[in-house]
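Have a look at the structure below, then the notes.
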Amino acid sequence: MIGITCHSGISVQLRTSWIEANASRRFLGCARYGQVNTCNFLKWYDHEISERSKQAIPGLLRSLEKSEDELGRVEDELGRLKKKVKVLLCLVLLLWLLVVKLFVGGLGNGLGNRGMNRAIKDL
Ligand SMILES: [Zn+2]
């Protein structure tokens with residue numbers, strides 16, 4: 001894709017360094033970079049970053065990592081709360097059905113709507 005090959009004749013890949021000294025600096029590296037049989041070909045693609053960036057970027061990355069960890073915890077808590085809401089909704093539905101049964105369907109003593117109406121008339 002880039003048209004450059006490493007010492008082993010394999011096309012190189014554009015990669016990004018994330019070590020503190022060269023955080024976010026791109027380089028061309030062997031496709032086998034990080035593997036056992038790599039030829040360790042490396043050619044910087046970007047210019048060296050400024051000292052200020054070298055200091056700031058690692059801090060930003062750590063901050064991002066903390067935010068992602070916090071997001072994970074919040075998502076876990078959200079999942080637990082959603083399960084609780086489902087349980088509570090089921091309980092509310094059951095209570096509502098019980099209330100409807102008690103006040104509309106009678107008290108289970110054989111008095112249905114007709115029985116209740118007759119009983120009210122008799123009063
Ligand atoms: Zn190589």
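Taken together, the values in this text are just the output of simple stated rules run on the coordinates, not laboratory data. All of these numbers come straight from a predicted model, not from anything done at the bench. Here the Cβ is made from the backbone with ideal geometry for all residues, glycine too, and neighbour counts use every protein chain on show.
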Quiz item: Which is free of Cβ contacts under 8 Å to residues at least 60 places away in the same chain and out of contact with any strand residue (DSSP E or B) (no Cβ under 6 Å at 6 or more places or on another chain), of 42, 60?
Solution: 60
Quiz item: Which residues, taken from the stretch 6-28, are hydroxyl-bearing (Ser, Thr, Tyr) and more than 10 Å from the ligand (Cβ to nearest atom)?
Solution: 16, 17, 24
Exercise. Give the residues of the stretch 18-29 that are within 24 Å of residue 3 (Cβ to Cβ) and not in a loop (DSSP other than H, G, I, E, B), sorted by residue number.
Key: 22, 26, 27, 28, 29
Quiz item: Which of the following residues is among the basic types (Lys, Arg), crowded, with 16+ Cβ neighbours inside 10 Å and outside any strand (DSSP E or B): 52, 32, 15?
Solution: 32
Quiz prompt | Qualifying positions in the stretch 35-49 - among the aromatic types (Phe, Trp, Tyr) and assigned to a loop (DSSP other than H, G, I, E, B) | solution = 41, 45
